[in-house]
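Peer 1: Pasting a structure below so you can have a look.
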2 protein chains.
Amino acid sequence: MATAKRFSTVINGVMVDDLFTTIDAIKATPAIAKFKFRIRNQWESGSRNHSTVDNFYGATQELSHPKPFVLEADEPAILLGKDIAANPVEYLLHALASCLTTSMVYHAAARGIHIAEVESSLEGDIDLHGFLELDKNVRQGFQGIRVNFKIKADVPDEQLQEIAKLGSAHSPVFDSLTNGVPVSVTAQRM
Amino acid sequence: MATAKRFSTVINGVMVDDLFTTIDAIKATPAIAKFKFRIRNQWESGSRNHSTVDNFYGATQELSHPKPFVLEADEPAILLGKDIAANPVEYLLHALASCLTTSMVYHAAARGIHIAEVESSLEGDIDLHGFLELDKNVRQGFQGIRVNFKIKADVPDEQLQEIAKLGSAHSPVFDSLTNGVPVSVTAQRM
């Protein structure tokens, strides 16, 4: 990206000048690059809980969204829920799809590549033998996830594949999910 | 869980009889345990895209939510978005919190442990040097995630810690995120 040309326009809805300004600012002050993202979750009952997304840390300061976002979670009836919201693993797929897409679009913009449309379909396999402790050889989590992109862009076929790879090469959620993240869990009495 | 007693009541909002009925059904017909979760994502512009959560496969049949759930994604202004929705890595934290909580609550219910309240706070570190290709030694994804639970339950201190561990021991998202998942990405022209 350091060798990309500078564009004075908006590409793929991304303000490319601002993107390069950010890069220059980080080169000058590396601490600007450190972000801390946060949520708070509250259990309601059974499979129902919700998260509030409010503040985060970045560019050496505490920041807030203009209003808190509330994300509901539930389970379908077959998994003993009331089915009023997507379930946690569906949220994980959304996180992956949205991050791959945004990463692809931003990095294409930085290279001056115009994208007209992007859609993706994701499917992941879970075997409840893991969650229910019925088979120790079956993991609790996804056994595999398949992502299929459909991209509309006026580029040769090989560049279409390169565009798709911009997503997986840069996406924080793709990296987190494919390479794993250390997660510490502590608990205290309320 | 195979050795847990059967309860004829609802515990933690979980229909425990139905949970054990599910377990018995899976023991009799293992294919019931195989689920495929899906989403479809559509890019809007820049950092904005949304996923639709509609159908899934489980218990040997195609199933649908009563209505499709639509999940928006955006980025805050400092990351060049319009900040109309949570961003992908915040959705990932929500997926983790909601899954840990539901897993804890279900498995406590299966053991006859009553929980009154659960809250959690999550924070994860990301260094944009990774996403922006400014330092090859910095990963794109979360460097670490900290989860802190506050649990209200009429149990001794050591059992409070055991309750918290029920979440991380069984959660599909926790397993996916800490141990990694194979993700295949393909792309075709729209």
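Peer 1: Specify the residue that is nearest to B:Ala33 (Cα to Cα); the eligible residues are those in segment B:160-174 that are open to solvent by 10 Å² or more (accessible area, probe 1.4 Å) and of a type outside the set (Asp, Glu).
Peer 2: B:Pro172
Peer 1: Kindly check whether there is at least one residue in segment A:115-133 that is touching a residue at least 40 places away in the same chain (Cβ under 8 Å) and either more than 30 Å from B:Glu119 (Cα to Cα) or open to solvent by less than 60 Å² (accessible area, probe 1.4 Å) (or both).
Peer 2: Going through segment A:115-133, the residues touching a residue at least 40 places away in the same chain (Cβ under 8 Å) turn out to be A:115.
Then keep just the ones that are either more than 30 Å from B:Glu119 (Cα to Cα) or open to solvent by less than 60 Å² (accessible area, probe 1.4 Å) (or both); that gives A:115.
Yes, because at least one residue in segment A:115-133 is touching a residue at least 40 places away in the same chain (Cβ under 8 Å) and either more than 30 Å from B:Glu119 (Cα to Cα) or open to solvent by less than 60 Å² (accessible area, probe 1.4 Å) (or both).
Peer 1: For segment B:37-50, does any single residue satisfy the condition of being part of a strand (DSSP E or B), closer than 30 Å to A:Ala108 by Cα, out of contact with any helix residue (DSSP H, G or I) (no Cβ under 9 Å at 6 or more places or on another chain) and free of Cβ contacts under 8 Å to residues at least 60 places away in the same chain?
Peer 2: yes
Peer 1: Take segment B:67-102 and flag every residue that is crowded, with 24+ Cβ neighbours inside 10 Å and either polar (S, T, N, Q) or more than 16 Å from A:Val173 (Cβ to Cβ) (or both).
Peer 2: The answer is B:Asn87, B:Ser98, B:Leu100, B:Thr101, B:Thr102.
Peer 1: Determine which single condition A:Leu19 fails, assuming it passes every other condition in (1) aliphatic (A, V, I, L, M); (2) facing another protein chain (nearest Cβ under 8 Å); (3) open to solvent by 70 Å² or more (accessible area, probe 1.4 Å).
Peer 2: (3)
Peer 1: Working only within segment B:143-159, note down all residues that are open to solvent by 30 Å² or more (accessible area, probe 1.4 Å) and either without any contact (Cβ under 8 Å) to a residue 12 or more places away in the chain or more than 7 Å from chain A (Cβ to nearest Cβ) (or both).
Peer 2: Selection gives B:Gln143, B:Asp154, B:Pro156, B:Asp157, B:Glu158, B:Gln159.
Peer 1: I need the helices (runs of 4 or more DSSP H) fully contained in segment A:79-190, keeping only those with at least 2 residues that are under 14 Å from the mean Cα position of the chain (by Cα) and among the polar types (S, T, N, Q).
Peer 2: A:88-110, A:172-179
Peer 1: Something else now. Output the number of the condition that A:Ala95 fails; it satisfies all remaining conditions of (1) more than 7 Å from every other protein chain (Cβ to nearest Cβ); (2) touching a residue at least 12 places away in the same chain (Cβ under 8 Å); (3) of a type in the set (Gly, Ala, Ser).
Peer 2: Here A:Ala95 meets the rest and fails (1).
The values are calculated or read from the model by the stated rules, or taken from the named source; none is laboratory data. All figures in this text were calculated on a predicted structure; none of them were measured in a lab. Quick reminder, even Gly has a Cβ in these numbers, built from the backbone with ideal geometry, and neighbours come from all protein chains shown. Calculation scope for accessible area: heavy atoms of the full protein, side chains included, ligands and nucleic acids excluded. Shrake-Rupley method; radii C 1.70, N 1.55, O 1.52, S 1.80 Å.
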